[in-house]
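The values are calculated or read from the model by the stated rules, or taken from the named source; none is laboratory data. Since the model is a prediction, treat every value here as computed from it, not as a measurement. Counting neighbours? That spans all protein chains shown, and the Cβs are built from the backbone with ideal geometry, glycine included. All accessible areas refer to the heavy atoms of the entire protein, side chains included, with ligands and DNA or RNA removed. Shrake-Rupley method; radii C 1.70, N 1.55, O 1.52, S 1.80 Å.
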Amino acid sequence: MYSRAPQEPEVRTFEADVTAVEGSTVVLDRTYFYPEGGGQPADRGTLAGEDVVDVQARDGRVEHTLAAAPEAVATVGETVEARIDDDFRTYCMRAHTASHALYGAGRRLLDDLGYGGFGITDEKVRVDFATSTDVDDAVLVELERLVNRAVWDSRAVSWAEIPTEDARARADVAFNTKTEGGVMADSDSVRVVTIDGWDVAACGGTHVSNTREIGPVSVLERSNPGEGLTRVEFAVGDPGIDHRAAVHGAALDAARELGVSVGDLPEEVASLRTENAQLSAALADLEAERLAEHLRSFDAVERAGTTWRVGTVSGADANAVGDVAKRVVDDGVVAAVGDGDRPFVVVASGGTVHAGDVVDSVTGEFGGGGGGGPPFAQGGGLDAAPDEVVAFLRDAAPDAAE
């Protein structure tokens, strides 16, 4: 005995006879509770006044798990009253039908389309598309537009059992093999759900009878759960309404802060990004020039006919210091030590001094690591105070004469 929920999804209350009570499980001679499956969660509700916490289809029957001990509320042969949670069933019907509408939109936008998976939670719904199309922001927006167009068009939704062989032979019937395998396995017929003029799919879930019952659909985000798959998550009902209001509010806030209309936001943001990039580049140039002046101001020491400029820097990383040191070195040596607990050292050489040898000598003395070639080298993680490293560079680092 299977659930009648897919065929008669509007039923919310019914009476049935208890045919088995096993542990916390009750089996009825008929049921309209939807058992978990096909990506749709189990119905919620009550049986003989007790909460139903799970519904599963096993071994050709539907098992209802109660929160209380079944023996206290139901016995074999007894007729009991069942109530299905109307709000949750309605939400699932809308959400499941919306997934078909979304797939119908995908048919019109995506190449090499296949079903990769589906699932409903209390807050959102996911559809996994198997497609070669890159689902970027523009495609995501168009998917949402087309789904809501299908809702607005009030398309009829119907379902019927047809021979499995006939369904397989039809190119227009989508098969979600990851979630609907149980609907089709070892069966001569398959249930096909049709959104008039929009989508046709093999499906065992509960659905509304017209797309207008879905209500507004809000696409939330996309991700890639596996190779060749794009996951699109969306919301219907209260979560969808709340998300749309939040997005609209954020857009209005941003427009107000920028002093433009919502429609002008993209152009204004693009202009601000360009301006920010220009300002960042100008600031970087100023910082580099300030750093260059600082390196040029290092106290000079003559060693074996080469002028060494050695000192400490703060507020800049080793790479930035190294780039500037290469630019200001001339034919001498510039050696800069970072001002921190584990200092770095950069050495640029424009003459006969081998910068890599200098850094090797520093790391040999103070630990850390690094290296480089004759014109430039750097190291880090030194176990010494910056002033100690500076003193070593001035007095003991190798030069061309050693």
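Odds and ends about this structure:
- Here the Debye sum runs over all C-alpha atoms of the stretch 351-402 as equal scatterers in vacuum, and log10 of I(q)/I(0) at q = 0.23, 0.28, 0.30, 0.31 Å⁻¹ comes out as -0.81, -1.13, -1.22, -1.26.
- By average C-beta atoms within 10 angstrom, highest first, the peptides 237-249, 99-111: 99-111, 237-249
- Backbone phi angles across the stretch 14-26, fed through the Karplus curve with coefficients 6.51, -1.76 and 1.60 (θ = phi - 60°), yield HN-Hα couplings of 7, 10, 8, 8, 6, 10, 7, 10, 9, x, 9, 9, 10 Hz in residue order; Gly and Pro are listed as x.
- Set of the stretch 326-347 residues, backbone N closer than 11 Å to the point 7 Å along the Cα-Cβ line of Arg296: 328-329
- Asp51 accessible area, 1.4 Å probe, all protein chains in place, Å² to nearest 10: 90
- Shape call, the stretch 212-267: gyration tensor on alpha carbons, a/c limit 1.5: oblate
- Computed about its Cα centre, the charge dipole of the stretch 95-229 is approximately 300 debye, with only Lys, Arg, Asp and Glu carrying charge at their Cβ.
- DSSP bridge orientation in the chain - percent antiparallel, rounded to nearest 5: 90
- If only the Cβ of Lys and Arg carry +1 and only the Cβ of Asp and Glu carry -1, the dipole of the chain around its Cα centre is close to 880 debye.
- In this calculation the C-beta distance from Asp242 to Leu265 is compared with R0 = 30 Å, giving a FRET efficiency of 0.90.
- Accessible-area order (highest first, 1.4 angstrom probe) of the listed residues Glu293, Glu50: Glu293, Glu50
- On Cα atoms only, tilt of 237-258 relative to the major axis of the chain in degrees: 30
- Dipole of the chain, positive direction: furthest Cα of Ser3, Ala397, Val27, with charges on the beta-carbon: Ser3
- Heavy-atom surface analysis with a 1.4 Å probe gives the stretch 167-284 a carbon and sulfur content of 51 percent of its accessible area.
- Gyration tensor (alpha-carbon) shape descriptor, the stretch 291-402, a/c threshold 1.5: rounded
- Computed FRET value (nearest 0.05) for Trp152 with Ala320, which takes r as the C-beta separation and R₀ as 56 Å: 0.50
- Förster radius 30 Å - calculated FRET efficiency between Arg30 and Glu142 (Cβ-Cβ, nearest 0.05): 0.10
- Counting heavy atoms of the protein chains alone, Arg309 has an accessible area of about 90 Å² for a 1.4 Å probe.
- What you get for the stretch 5-127, charging only the Cβ of Lys and Arg (+1) and of Asp and Glu (-1), is a dipole of about 680 debye around the Cα centre.
- The chain shape via C-alpha gyration tensor axes, a/c threshold 1.5: prolate
- In plain terms, the C-alpha convex hull of the stretch 261-322 casts an average shadow of 5.9 nm² when viewed from every direction.
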